[in-house]
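Just below is one structure, and these are the notes that go with it.
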Amino acid sequence: GINAEYGQAVIEPLTFAFVTKSRSALVREVFDRYHKYLRLHDFHQSLNVTLGKLEVVVKDPNEELLLETSENYTLSVTSESATLQADTVFGVMRGLETFSQLLNTYNYTLPSVHIEDYPRYKFRGFMLDTSRHYVSVSVLKLIIKAASWSKMNIFHWHIVDDPSFPYCSYTYPELCEKGAYSPDHVYSQTDVLDIIVFAYKHGVIVIPEMDTPGHTLSWGKALPGFLTYCPGHGNIGAPYGPVDPTNEEVYSVLRNLFNF
C-alpha cells in the first residue's frame, strides 16, 4: 500500500548516507551499489537540503535466498526523516530500489510517502536461451542487474539446447569442446559460479535448465549412441531425434552429469 503525503525531502547526493546497525557485508555492498545509483550525475547546484540519511533496519540476519524468503519492506519518507524497515537484506534491496526510483535526479527531491510493499508473486522470473544465442558473462550480468531493477527474483537459464552446448562440465568436458559454437562461446565452471553469486547479490535465484530428452542434438557430437537415429525425422536437418531410451549408457551419463 502507498500513502502519499504533502511535502517533499531534498537530499545532497554526495553526502547522503544509508545508516544501519546491521554488520552484514552484503547489506554494506548493497548500500555501496545504491550510493552509486544516487550519484549518476555531477551536481553543482546548491540545494536546500532537508534530509541527510536513510535509516535502514534489517529484522532477520538470515541471508539465505529461497522462493520463501521475505522481500517485504516498509519505506517512510518525510521532509525531515526517512526509514526503511525490511525482514531481510533482500527486502532492503527492494526498498532501496523503490527509494532510488522515487528520487528525482534533476533536483534530488523525494516525495513524502509511506509504502508497505511485498511481492504479489513469489516467482517473478525471466528466461534467457544461451544455446541459440550465446550471451557473454558481462552482458548476462547487465541483464540480471536490469531484472533486479524491476524486482524480478528468478533467472531461468536455458543454458543448452539443440544448437550448442556452451556449459563446460568437469565430468564430460567434451560436451562443450565439441558441442559449443567455438571455444570462445562457452561458460566455464568459474563463469557459472560468478553468475550465481552476482545474481544472489542482486536478489535473483539462478535456475539452470538442461533440456532433455529432446533438444539434445548438441550432446550427440560428443556422445556417440546417445541420440535416437531417426532418418528423415530428426532435429534441425540432422538424422537424430531425442535421447535414445534403449541405450543404458544414457542413464549413466545423465546421473553423472546431474549428480543424482
### Task
Could you grab me the full set of residues in the range 168-190 that are under 15 Å from residue 131 (Cβ atoms) and in contact with a helix residue (DSSP H, G or I) (Cβ under 6 Å, 6 or more places away or on another chain)?
168, 169, 179, 186
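Residue 192: touching a Leu at 6+ places or on another chain (Cβ under 9 Å) and closer than 30 Å to residue 95 by Cα, yes or no?
Working: touching a Leu at 6+ places or on another chain (Cβ under 9 Å): no; closer than 30 Å to residue 95 by Cα: yes.
Here the answer is no, as residue 192 does not meet what is asked.
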#### Entry: Hits in the range 79-105 - residues which are farther than 15 Å from residue 116 by Cα and touching a strand residue (DSSP E or B) at 6+ places or on another chain (Cβ under 8 Å)
79, 80, 81, 89, 103, 104
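Residues of the range 60-70 being under 19 Å from residue 153 (Cβ atoms) and open to solvent by 60 Å² or more (accessible area, probe 1.4 Å), which ones? Reasoning before the result, please.
Residues of the range 60-70 under 19 Å from residue 153 (Cβ atoms): 60, 62-70.
Listed by number, the residues that qualify are 60, 62, 64, 66, 67, 68.
Filter the strands (runs of 3 or more DSSP E) completely within the range 71-182 down to those with at least 2 residues that are open to solvent by less than 10 Å² (accessible area, probe 1.4 Å). Reasoning before the result, please.
Values: elements: 73-77, 82-86, 109-117, 125-129, 154-160.
In the range 71-182, 73-77, 82-86, 109-117, 154-160 are the strands (runs of 3 or more DSSP E) which contain 2 or more residues that are open to solvent by less than 10 Å² (accessible area, probe 1.4 Å).
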### Query
In this structure, is residue 194 farther than 21 Å from residue 67 by Cβ, touching a helix residue (DSSP H, G or I) at 6+ places or on another chain (Cβ under 8 Å), among the acidic types (Asp, Glu) and open to solvent by 50 Å² or more (accessible area, probe 1.4 Å)?
yes
### Message
I need a count of the residues in the range 9-25 that are surrounded by 10 or more Cβ atoms within 10 Å (Cβ to Cβ) and either in contact (Cβ under 8 Å) with a residue 40 or more places away in the chain or in a loop (DSSP other than H, G, I, E, B) (or both).
### Response
10
### Task
Residues that are in contact with a Phe, Trp or Tyr (Cβ under 9 Å, 6 or more places away or on another chain) and over 30 Å from residue 31 (Cα atoms): find the helices (runs of 4 or more DSSP H) completely inside the range 186-260 holding 2 or more of those.
217-220, 248-258
### Query
Quick check: is even one residue across the range 234-254 surrounded by fewer than 20 Cβ atoms within 10 Å (Cβ to Cβ) and within 29 Å of the chain's Cα centre (by Cα)?
yes
### Query
Within the range 197-208, which residues are open to solvent by 50 Å² or more (accessible area, probe 1.4 Å) and without any contact (Cβ under 8 Å) to a residue 60 or more places away in the chain?
197, 208
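The values are calculated or read from the model by the stated rules, or taken from the named source; none is laboratory data. Keep in mind it's a predicted model, so treat the numbers as computed, not measured. Positions of Cβ are backbone-derived with ideal geometry, glycine not excepted, and every protein chain shown enters the neighbour counts. To get the accessible areas, we keep the full protein, side chains included, count just its heavy atoms, and leave off ligands, DNA and RNA. Shrake-Rupley method; radii C 1.70, N 1.55, O 1.52, S 1.80 Å.
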